[in-house]
1. Against the conditions (1) surrounded by fewer than 22 Cβ atoms within 10 Å (Cβ to Cβ); (2) within 16 Å of the ligand (Cβ to nearest atom), where does LEU159 fall short? Just the number, please.
2. Run down ALA79, ALA98 and say which single residue is within 26 Å of the chain's Cα centre (by Cα) and either within 30 Å of ARG295 (Cβ to Cβ) or of a type in the set (A, V, I, L, M, F, W, C) (or both).
3. Considering each residue of region 272-303, count those that are more than 22 Å from ARG245 (Cα to Cα), charged (D, E, K, R) and within 16 Å of the ligand (Cβ to nearest atom), and give that number.
4. Quickly run through region 451-496 and pick out the residues that are polar (S, T, N, Q) and assigned to a loop (DSSP other than H, G, I, E, B).
5. Picking from ILE814, ILE753, which residue would you name as being of a type in the set (Val, Ile, Thr), buried (at least 20 other Cβ atoms within 10 Å of the Cβ) and farther than 21 Å from LEU725 by Cα?
6. For a quick check of your reading of the model, give me the residue pairs whose first member lies in region 742-770 and is among the acidic types (Asp, Glu), whose second is surrounded by 15 or more Cβ atoms within 10 Å (Cβ to Cβ) and not in a helix (DSSP H, G or I), with beta-carbon atoms closer than 9 Å and at least 6 apart or on different chains.
7. Could you tell me which of the residues ALA141, ALA101 is more than 16 Å from the ligand (Cβ to nearest atom) and not aromatic (Phe, Trp, Tyr)?
Amino acid sequence: QPKTPSKEDGEFRDYSHSEIARDAATIKNSVVMHLAATFLRTPSNIDSAHAYLASAFSVRDRLLQRWNLTNEYHDKIGAKRVYYMSLEFLIGRTFDNALLALQLRDEYANVLGDVGFRLEDAIDEERDAALGNGGLGRLAACYVDSMACSNYPGWGYGLRYKYGMFQQQIINGYQVEAPDCWLDSPNPWELPRPDIAYPVKFYGHLVRDPEHEHRYKWESDVVYDAMAFDVPVPGYGTNNVGNIRLWSCKTNTLFDLNKFNAGDYQGATGGQVAAQILTDVLYPNDNTNEGKELRLRQEYLFCSATMQDILARFKKSGKPLSELPDMAAIQLNDTHPTLGIPEMMRLLLDEEGLKWDEAWDITTRTFAFTNHTVLPEAMEKWPVPMLDKILPRHMGIIYDINLYFLQSVEKKFPGDRELLRSISVIEESNPQQVRMAYLACVGSHKVNGVAAIHSDIIKQTIFKDFVRVQGADKFINKTNGVSPRRWVNECNPDMSELITEVVGDRSWVNDLSKIKVLEEKVDDKDFCKRWWDAKQKNKGRLAEYILSTTGIKVSPNALFDVQVKRIHEYKRQLMNILGVVYRYHRLKQMTQEERDKELHRVVIFAGKAAAGYWVAKQVIKLINSVAEVVNSDEEIGDVLKVVFIPDYSVTAAEYIIPASDISQHISTAGTEASGTSNMKFVLNGGIILGTVDGANIEIGEEIGEEQIFFFGCLAHEVEDFRHYLRFHQPKPDTALQTAFDMIQRNTFGDAHIFQPLIDAVMRGGDVYLLSVDFPSYIEAHKAVEAAYRQRDEWVTKSILSVSRMAKFSSDRAIQEYAEEIWNAEPVPVRGSII
Ligand code: 6GP
């Protein structure tokens, strides 16, 4: 049981006397000190890059002091720790976030002002930490933020990729990928920890211990050292500072001096290159599994170092290993960290000498698993021969896990061979494959989906047999959430001011239920005007951003219609751009007088396609080709503009999301597990146009269906439509046919480039049901337009929506995980230094 700290308060050191002072003079001294001692600059010889770096290092000093305090405190009281294991953390920038958390933003703005710089420009010098693809990686970042802010003793574990998410350039309308060299300039937000490193083995062979059934010695010459880098996670308005521990390979010891002396320079560094490559790149796949050997080794390096670190920390407590589940909870962010389960078993059996049943009990009580997708192409599977070669011990352990599991199934359902085949962790294909989702499920005490509909779907599909065998209670829902710190307070200062004014203070940032009172303001004309003006200001800011990134001029007075997310067929950016083509066609049919009466609209896209996802890349090309024609059509002018903002990132999202009037979340029903940007858009006063899918459904339930524009078929209808379309040609309605015709008449350049996109609908079975949903999609757009013309009612919708969004704070999500999965409690660090 985690101890409550209160009664021991007096025993702990009071740090208030050692807190680095927060007055202007001390802050200025520390910035100047870092300029000189860290960057060899004087105040008369700096640029905004150094203004940023020196201030960031000075903020970091303050954070690290609290980092130490937090960890020492948690150690002393023996708090139960939560470990969030994720191959992705899409952190974005940290400087502004840290300033707000420490409540030192004004102080640093003044100090920078004194040396001739604007804080905003310094903030703009920071590069995003883009160690993730999309929703899954950003969720991990929001969750560590919430753990820190809600005082949970939580750490993230991940990999420190040298190259993060690729940089997207748009050349001739096509996506071109360039490496993201984010570590080129000093990174103030990480601390190298050469003292914290663990050996990680690959390949080799096993020697069985004749005395013990389940004990082996794993011998191998291929051993790499994984070294820790710590990234502090500022807790807003609390002493607690969380941590993300990222692993990288140490290479110094792999230099072969003998080869070098013999003149074999390449050979001398070969081992270093092999080690380095393990943590060089983030795989840029979102919702797909590549099955590459390098990826498997990456996953294992991560899991092995993390398990060794967690066990080492636990063992310092001196408690018996059977108490590990009382002191540590490990959450698997999808299947990518699943090797943690057999690795924990290996350490407990081979290194600690535990018996199988003891080790298995400890493991399953410690691990829990979150599933983030139902797309079949994302299901991780590893060929048995590959696993056996790279990780022979783990393959053996997985076989045993499966054997004991299947024996228990056989006992409960004797003679059901079909059940055994379908539920087995090993798929009987050629070659055999390890189903990682099944392994994660067998090795965890709880499995959750990320929105109500998604958690239901996984119980009816991939985990159907497991529900039968292991009981329904193991399978629960934890609807996603987003951090109000980054996704309102930081990215939308003007709206945040208004909320603060109504709430009375800024406490809503850590307790989103307080924004409910906004509801009382819907009849306050003056307030509504200021609400509208805040949105307009954000749109002005985005218009500038669009101009500087694309050269396209848009008017903030138009309706901003936004779809930003990874480019994927199931997310249906194609349907959006076909809708734009149809709109363009209609506008061209009108007289000038008629056009003048039309609502002006800017359609904004952003998002990356996986480098190897050809269809998604063609969609980007189509969007850019349509944009080029529409934007240069003088007849159309400002009535319609189409923009593709390149290189979507967390930072770009912070400009885009607060500026949307309407945002599109239009996945085929049943395919988007949750979505999290939908929550961010509504929290920033935008309205959703969406399908009845993922968290859209729960958002609708919370804010009221009058506040959301739903369209399209329902999840339970999808299978029938798909079945029909496998055998019948789709029948596009006139609008969709018109859009196809326009493309095929070369309106947007050579039509044959785009023919495969049309064929996917017309000949490929229309898997994502564009032909089915298009008519209601167009109708929904009309409804949006009519509503936007009623400005007062629109503002009412916007304010009401925001006021009812408390559920979608990641603080709520984390509290549910803590109570229902982790059995962990908040442990606010005492000895106040604030
Ligand atoms: C994503 C889901 O597609 C998205 O709907 C959800 O909001 C997000 O996870 C966070 O839960 N899944 C992935 O990005 C992914 O790669 C394996 O899943």
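The values are calculated or read from the model by the stated rules, or taken from the named source; none is laboratory data. Please read all numbers here as calculations on a predicted model, not as lab measurements. So basically every Cβ, Gly included, is an ideal-geometry build from the backbone, and we count neighbours across all protein chains shown.
1. Against the list (1) surrounded by fewer than 22 Cβ atoms within 10 Å (Cβ to Cβ); (2) within 16 Å of the ligand (Cβ to nearest atom), LEU159 comes up short only on (1).
2. Testing whether each residue is within 26 Å of the chain's Cα centre (by Cα) and either within 30 Å of ARG295 (Cβ to Cβ) or of a type in the set (A, V, I, L, M, F, W, C) (or both) leaves just ALA98.
3. Selection size over region 272-303: 3.
4. Answer for region 451-496, where residues must be polar (S, T, N, Q) and assigned to a loop (DSSP other than H, G, I, E, B): THR461, THR479, ASN480, SER483, ASN492.
5. Going through ILE814, ILE753 in turn, just one is of a type in the set (Val, Ile, Thr), buried (at least 20 other Cβ atoms within 10 Å of the Cβ) and farther than 21 Å from LEU725 by Cα: ILE814.
6. ASP766/PRO730
7. That would be ALA101, the only listed residue that is more than 16 Å from the ligand (Cβ to nearest atom) and not aromatic (Phe, Trp, Tyr).
One line per residue, one yes/no per condition, for (1) crowded, with 18+ Cβ neighbours inside 10 Å; (2) of a type in the set (D, E, K, R); (3) more than 25 Å from GLY291 (Cβ to Cβ):
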| site | (1), (2), (3) |
| --- | --- |
| LEU348 | yes, no, yes |
| LEU354 | yes, no, yes |
| ASP357 | no, yes, yes |
| TRP360 | yes, no, yes |
| THR370 | yes, no, no |
| LEU375 | no, no, no |
| ARG393 | yes, yes, no |
| ASN402 | yes, no, no |
